[in-house]
1. What are the nm distances, shortest first, from B:A408 to its equivalents in the other copies, labels at 7 Å along Cα→Cβ?
2. Given Cβ point charges of +1 (Lys, Arg) and -1 (Asp, Glu) and nothing else, what value in debye, to the nearest 20, does the dipole of region A:121-191 about its Cα centre take?
3. How would B:D186, A:D405, A:D354 rank on accessible area, largest to smallest, probe 1.4 Å?
4. What is the distance, in nm, between label points placed 7 Å from the Cα along the Cα-to-Cβ direction at B:K66 and at B:D14?
5. Rounded to the nearest 5, what is the percent of antiparallel bridges among the DSSP beta bridges in the protein assembly as shown?
6. So how do B:D261, A:D52, B:D145 rank on accessible area, 1.4 Å probe, biggest first, that is with the largest at the start?
7. Can you tell which of B:E164, B:E306, B:E266 shows the greatest fluctuation in a Gaussian network model of chain B with Cα springs below 10 Å?
8. I want to verify a result. In a Gaussian network model of chain B, Cα cutoff 10 Å, which of these has the top mean-square fluctuation: B:Q239, B:Q219, B:Q329?
Number of protein chains: 2
Amino acid sequence: MADNRQLWAELGIDLDRHDVLLGGLGPAYKEIYLSQKDRPRGMGFYDFVVGDIHGIRVHELQEHAKEGGKVVATYCVFVPEELVWAAGAIPVGLCAGAQFSVPIAEEVLPRNTCPLIKSSFGFKLGRVCPYVQSSHLIVGETTCDGKKKMYEILGRQQPVYVMEVPNKKGPLGRALWYGEVVAFKDVIEKLTGNEITAEKLAEATRKVNGRRLALKRLQALRQATPAPISGKDGLLVNQVSFYDDVTRNTQMVNALCDELDQRAAEGRGVFPAGAPRILVSGSPMAIPNWKLHHVIESAGAVVVGEESCVGTRCFEDLVPETGGTLEEQLRAIADRYMQIHCACFTPNDERLDDIIRLARETKADGVVHYNLQFCQTYASEAVKVEEALGKAGIPLLRVETDYSDEDAGQLRTRVEAFLEMVRR
Amino acid sequence: MADNRQLWAELGIDLDRHDVLLGGLGPAYKEIYLSQKDRPRGMGFYDFVVGDIHGIRVHELQEHAKEGGKVVATYCVFVPEELVWAAGAIPVGLCAGAQFSVPIAEEVLPRNTCPLIKSSFGFKLGRVCPYVQSSHLIVGETTCDGKKKMYEILGRQQPVYVMEVPNKKGPLGRALWYGEVVAFKDVIEKLTGNEITAEKLAEATRKVNGRRLALKRLQALRQATPAPISGKDGLLVNQVSFYDDVTRNTQMVNALCDELDQRAAEGRGVFPAGAPRILVSGSPMAIPNWKLHHVIESAGAVVVGEESCVGTRCFEDLVPETGGTLEEQLRAIADRYMQIHCACFTPNDERLDDIIRLARETKADGVVHYNLQFCQTYASEAVKVEEALGKAGIPLLRVETDYSDEDAGQLRTRVEAFLEMVRR
C-alpha cells in the first residue's frame with residue numbers, strides 16, 4: 001500500500017480524494033460481490049483485481065513506461081486495440097462507472113450528459129484515476145455527441161486523438177472508416193516509434209482474438225441451465241478485460257471456463273434452476289457500475305448475458321486471421337469493427353436481431369433494456385427494440401437510470417414487478 | 001378559410017387538433033409581434049405569412065404537386081437545397097418550435113430529447129403539419145444523435161432519406177461529404193425524374209445565393225445604431241426563409257432592407273439608441289419559438305443577430321458561382337456546406353471566432369448563449385464559448401430552456417440581471 005501511494009503521488013493523483021473513492025469501493029464490493037454464495041473459484045482472481053484496482057496493474061503500466069513503452073487509453077470498443085498491441089503499446093479502457101466523480105465533472109460538463117461520460121471526465125478532472133494519469137495518449141471516437149464534445153475539453157488536459165466512426169455503414173462510411181484505421185496506425189507508430197509490421201499485427205490479432213474467444217466461451221457457458229455463474233460475476237469478467245493484459249486475461253477467463261464446464265456438466269448452478277433468466281441489453285456498464293445486475297439478482301433472477309459494449313458487442317466478432325499483407329489485415333480489422341451493432345449507426349436494425357438471437361440462445365425469460373440517462377442513441381433505439389421484442393413475444397422492461405442511488409427503490413420495485421410477470 | 005380546411009382534410013390533417021394549434025398561434029403572435037411599436041412596413045408581408053401559415057404556401061405546394069412537382073422536406077441547413085431547386089422540386093424546412101406537439105412526441109420519443117426534435121416529430125405524429133403531409137421525401141442528416149435516431153422512427157410513417165454529415169472536417173470527412181452530395185443528387189433526380197444539369201444547378205445556385213445575400217444585407221443593417229429593426233422581426237425573417245419560395249423571399253427581404261436602409265440613414269431605430277445590444281448564439285429557433293427574443297426585448301434590449309442555423313450559419317457563406325462542369329459545381333457546393341460551423345463537428349473552434357467577430361460587428365454589449373434542453377453538442381460547446389468570450393472580454397449569459405413556459409419567470413429574471421450588468 002505504501003508502494004501504491006508513492007506511485008499515485010508520482011502520477012499526480014489527488015491522494016485525499018482518491019482515498020475517499022477507494023474507501024467506498026471496498027464495502028460496495030463486499031456487499032455486492034463477496035456476499036454471493038457458491039461463487040466459482042476462478043473469481044478469486046477478479047476479487048484480487050478489484051481489491052487492488054489501482055495498484056498492481058498500474059505498476060505494470062509504469063514499468064512498461066519506464067522501459068520506453070507507451071500506454072494508450074480508450075473509451076470505446078471501436079478503437080482497434082490490435083494496432084496498439086502490435087506497436088508494443090498497452091491499451092487500457094477508461095470508461096468509469098462511479099457516481100463519485102460525477103459532481104466533479106458537473107463543474108464543467110452539462111448536467112444533462114450521460115453518467116458514464118461525466119464519471120470518466122470527473123476521474124481526470126479530479127485526478128483520481130491512475131490509468132488516465134499513466135496514459136501517453138487518449139484515443140476518443142465519435143460514437144455519441146456527449147463523448148465527441150467531451151474529448152475537446154479533455155484535450156486541454158492531456159493529448160487526445162479522435163477517430164471518426166461513421167454514422168452510416170454504406171460504402172462511403174466504410175471507406176472513411178478504413179481511412180481512419182490507417183490513420184490510427186500512423187498515429188500509433190509515431191507515438192511509439194515502432195513500425196507495425198504484418199507479422200506483428202497478425203500476432204496481436206491472434207492475441208486479441210484469443211481473449212474474444214475466451215469471453216465467447218464464457219458467454220456460451222452462461223447459457224447453461226441452471227446458470228453456472230452469476231450475472232454480476234459475468235459482467236465483472238467483461239469489465240476487467242478492458243484493463244488487463246490480453247494474454248493473462250485470456251488465461252484467466254479460460255481457467256474460469258474450465259471450472260464452469262465442470263459445473264455445467266454437474267448441473268450445478270449459482271441460482272436455483274427455476275430462477276428467471278434475464279438478458280440485459282443497452283448502454284455499457286463500466287466498473288464499478290453493478291447497479292442493475294445487483295438489483296436483478298437480489299430479486300432472485302440471474303442475468304445470463306449483456307448485449308452491450310461491455311458484453312457481446314465487444315467480443316462476438318473476431319478479426320479474420322487472414323495473415324497476408326498489412327493492407328489486407330487492416331481491411332480485415334476495419335471490416336470487423338464495422339460489424340459492431342452500436343446505436344451510433346443509422347439504421348442499426350441488426351442489433352434488434354442480435355437481441356432476439358441472444359435472448360433465445362441464453363433461454364432468457366425476459367430482456368431488461370438498460371439506458372444510461374441522457375444516452376440519446378440507445379434511448380431512441382429502445383423504441384424499436386420494444387417493437388421488435390413485442391413481435392417476437394419476448395417480455396421487455398425498459399430502464400433508464402444513472403449512477404446515483406436516488407432511484408434504487410423505484411428500480412427495485414419495477415424489476416421485481418417485471419420478474420413477477422416473467423416468472424414461469 | 002373553408003378552402004384551407006378542405007386542403008388540410010385532403011392532406012390527412014387532424015382538423016380538431018390543428019384548430020387548437022392555430023388557435024394558440026394567433027394570440028401569441030399578436031402579443032409578441034403585433035404589440036411592437038414602429039415596425040418596418042416590410043414586416044407586413046411576414047404578418048401575412050404567419051397569419052396564413054398553413055394556408056397559401058401549402059396551396060402553392062399542392063399546385064406544384066398536382067403538376068407532377070415534388071416537395072422535399074428538410075430539418076437542417078446541411079441539406080443542399082440548390083440540388084432540390086435545380087431538379088424543379090421545392091424544399092421546405094420542417095423544424096418546429098411549438099410546445100403544442102411536444103407531449104404528442106413524448107408518447108414515442110424519450111423525454112430527454114431536445115424540444116425541436118420532439119416538436120417536429122409530434123407535428124408528424126399528431127398530423128398537424130401540412131408541410132410534412134405535402135412532402136414526397138423527408139431528407140434527414142446525422143448532425144446530432146437525437147435527430148439521427150428520430151429519423152429511423154419517422155421513416156416508418158413517410159419516406160425518409162438520411163445524408164451523412166461527417167464528424168471531422170479532415171480529408172476523409174470531406175471526401176465522404178462530397179460523396180453524400182453526389183448521392184443526394186442521384187436521389188433527387190430519381191425522385192423528380194428530372195436531370196440536374198450544369199445549367200440548372202448554376203441557376204439554382206444563383207437563386208439561393210441571392211436569398212443568402214439578401215439575408216446578409218439584413219444582418220448588416222442590424223449592425224446600425226440604433227437598430228432599425230427588432231431582433232424578433234429579424235428572427236422571423238430568417239425563420240420564414242425556410243418555407244418561402246426562394247425568389248419571392250429574396251424580393252421581400254430586399255424590399256425590407258431598402259426600407260431599413262432609409263431608417264438607418266435617418267438614424268431611426270425601434271429601440272432607444274442606448275438600449276443594450278445582444279447577440280444570440282447557439283441552438284436554432286424554429287417558428288414559433290420566439291421565447292428568448294421576446295424575453296430579451298421585453299426587458300428593453302435589442303437582439304442584433306443570431307449566430308444560429310436560423311441565422312448567420314444559414315446565410316453567411318455563398319456557394320462560389322464558378323459555373324463550369326457539374327462536378328466542379330458539386331465540389332463547390334460540398335465545400336461550401338463544410339464551412340458551416342455547427343457544433344456537430346469536432347473540433348469546431350471556428351465557431352468561437354465567429355461569435356467573437358459577430359459580437360464585434362454587431363457592436364453587441366453581450367452574448368446570450370441559447371441552448372435547447374438536451375441539445376448535447378451546443379451544451380458541451382458552451383464550455384468553450386464561455387472560455388473564449390471571457391478571454392475576449394465579452395459578457396456572456398448561458399441559457400438552457402425548452403419550449404414550455406415553465407421557466408419563463410426564471411428566464412426573465414436571469415436576462416434582466418444580465419442586461420443590468422452589461423448596460424452602459
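The values are calculated or read from the model by the stated rules, or taken from the named source; none is laboratory data. Treat the numbers as computed from the prediction; the structure is a model and nothing was measured. All Cβ positions, glycine included, derive from the backbone under ideal geometry; neighbour counts span all protein chains shown. Areas reflect the complete protein model, heavy atoms only, side chains present, ligands, DNA and RNA absent. Shrake-Rupley method; radii C 1.70, N 1.55, O 1.52, S 1.80 Å.
1. 4.2
2. 160 debye
3. In descending accessible area the options line up as A:D405, B:D186, A:D354.
4. For B:K66 paired with B:D14, the spin-label model returns 2.8 nm.
5. 0 percent
6. Values: B:D261 75, A:D52 40, B:D145 10 Å².
Result, largest first: B:D261, A:D52, B:D145.
7. B:E266
8. Taking springs between Cα atoms under 10 Å, the residue moving most is B:Q329.
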